[in-house]
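Here is the structure we will look at, set down as structure tokens.
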Amino acid sequence: MRIDDLDTPRVIPGMADDIMGTLEQLGFEWDGVPLWQSRRGEAYADALERLDRNDHLYPCCCSRADIARIATAPHGEDEIVYPGTCSHGKDPSREARSIRVRVPSEEISFDDVVTGRVTQRLADCCGDFVVRRADDLFAYHLATVVDDADSLVNQVVRGADLITSTGRQIFLQTLLGYDRPSYVHLPLVIAPCGSKLSKRDSAVSIAAGINLELDGGILLTRALAFLGQDVSAVDQAAPPKEILSAALLSFDTELIPKCNSPFVGAL
Ligand SMILES: [Zn+2]
């Protein structure tokens, strides 16, 4: 169990407890004590120091507006390719804001269990990216690979919206000498109109309006069906733990759909 509360100014008090409570009610268990990213600064600083010692990093004084002015057309959703303005030394009259890592010109490939082979060239999709932010926080990609390695995570299962982050994370793993986990990117539940559900939408908490003690089994069954699994034999009234144990035995990654889709209907 890891709480990705790295972005401390944006953390909503009580949210982590809410998430853990919901997972417990749905029958999930975890090993050991939860890892809180907000308390792991020393580990991230060590990793950053190692990257710096091997000359992979440089200070950058560019603001978002600077980059937007210089960069060519934005790539992907809201990603702008960093044009490398400070890569050969920053303007000495300006203060460094963030720290970036130099990306290679070679392609990075990995085999996703659902999507198949994915190939990315970081120089084209993001350019040299930030590992320490202008507000002095460690960047998410750095924290994620350090935590995965320290927790001996060997399989990453997450939403398909993070598939474009994977190349950056694999690159950092390589630089830091970590093993590469396997990757499973699951289709997303999207809004009926096709747009992405986000934290900005109000009704996205699983627990909102649902009595998990009564309807946890129904919710789990719906989730399994969403992931393409055969739920014809599932007893929705069974305790969530039992449904999960049975699902573990029969879960087939081949059946996971490759497309995002809305979670149709109400409970
Ligand atoms: Zn810069």
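FYI, it's all coordinate maths here, none of it is from the lab. Bear in mind that the values here come from a model prediction, so they are computed numbers and not experimental data. Reconstructed Cβ throughout: ideal geometry from the backbone, glycine too, with neighbour counts over all protein chains shown.
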So in the chain, what percent of DSSP beta bridges are antiparallel if you round to the nearest 5?
60
As a Kirkwood estimate from alpha-carbon pairs, segment 1-58 has a hydrodynamic radius in angstrom of 13.6
Assuming 0.36 nm per residue, please report the length gained on full extension of the stretch residue 64 to residue 152 beyond their Cα-Cα distance.
28.2 nm
Just grab the label-to-label distance for residue 52 and residue 184, each label 7 Å out from Cα along the Cβ direction, in nm (one decimal).
3.9
Value of D in µm² per second that Stokes-Einstein yields for the chain, Kirkwood Rh from Cα pairs, at 37 °C (0.692 mPa s):
157
Let me make sure I get this right: for segment 1-132, a, b and c are the square roots of the gyration tensor eigenvalues over alpha carbons, sorted descending. Under 1.5 in a/c it's rounded, otherwise prolate if a/b > b/c, else oblate. Which is it?
prolate
For segment 239-246, 3J(HN,Hα) per residue [Karplus equation, 6.51 cos²θ - 1.76 cosθ + 1.60, θ = phi - 60°, Hz, x = Gly/Pro]
x, x, 4, 5, 4, 5, 4, 5
Residue 35's amide H: which non-local residues (gap 5+, or another chain) put their own amide H closer than 5 Å, with H modeled 1.01 Å from N in plane and none for Pro or chain starts?
2, 3
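Using the Cα centre as the reference, give the magnitude of the dipole from point charges on the C-beta atoms of the chain (Lys, Arg: +1; Asp, Glu: -1; all else neutral), rounded to the nearest 20 debye. Provide the component values of the computation, followed by the final result.
Details: 26 positive and 40 negative charges, 181 e Å.
In total the dipole reaches around 860 debye.
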For the chain, what is the number of Lys pairs with C-alpha distance below 29 angstrom, counting only pairs 8 or more positions apart or on separate chains?
4
Taking the chain as a Gaussian network, Cα atoms linked when under 10 Å apart, which of 180, 132, 158 shows the biggest mean-square fluctuation?
158
Which one, 125, 164, 144, projects farthest toward the positive side of the charge dipole computed for the chain from Cβ point charges (K/R +1, D/E -1)?
125
What percent do you get for the relative contact order of the chain when only Cα pairs under 8 Å and 6+ apart count?
17
Among 234, 153, 33, residue whose mean-square fluctuation peaks in a GNM of the chain (springs only between Cα atoms under 10 Å):
33
Under the rule of at least 5 residues apart or a separate chain, name every residue whose amide H is placed under 5 Å from the amide H of residue 112.
117, 118
